[in-house]
Amino acid sequence: MLELREWYKSTHSISPLASALDMTEIMEAYWHLASKRYIDNCCTAADSHLLSNLPPLIQDKMYELLRDDEQLKV
């Protein structure tokens, strides 16, 4: 297990001796990924909020309209 950890660290992590340019590129890539993930999560939360609350409201309004004969004539 330790060998696998050392291999992963040597191939996928930034060493303390890495250049500032390397670190900047990695941080920029992380920022782009994190911001896209945040936007996706916001859209998903808004979508689930709308999809969970809107249909019952529409259904209630439709029942009101169906019960009111004057509204059906319009």
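The values are calculated or read from the model by the stated rules, or taken from the named source; none is laboratory data. What you see is a predicted model, and the numbers here were worked out from it, not measured in a lab. Methodologically, a virtual Cβ is constructed for each residue, glycine included, from the backbone with ideal geometry; neighbour enumeration extends over all protein chains shown.
Exactly one of (1) surrounded by fewer than 10 Cβ atoms within 10 Å (Cβ to Cβ); (2) at pLDDT 85 or above is unmet by residue 56. Its number?
That leaves (2) as the condition not met.
Being among the basic types (Lys, Arg), under 30 Å from residue 11 (Cβ atoms) and surrounded by 10 or more Cβ atoms within 10 Å (Cβ to Cβ) narrows it down to one of 36, 61, so name that one.
After applying the criteria, what remains is 36.
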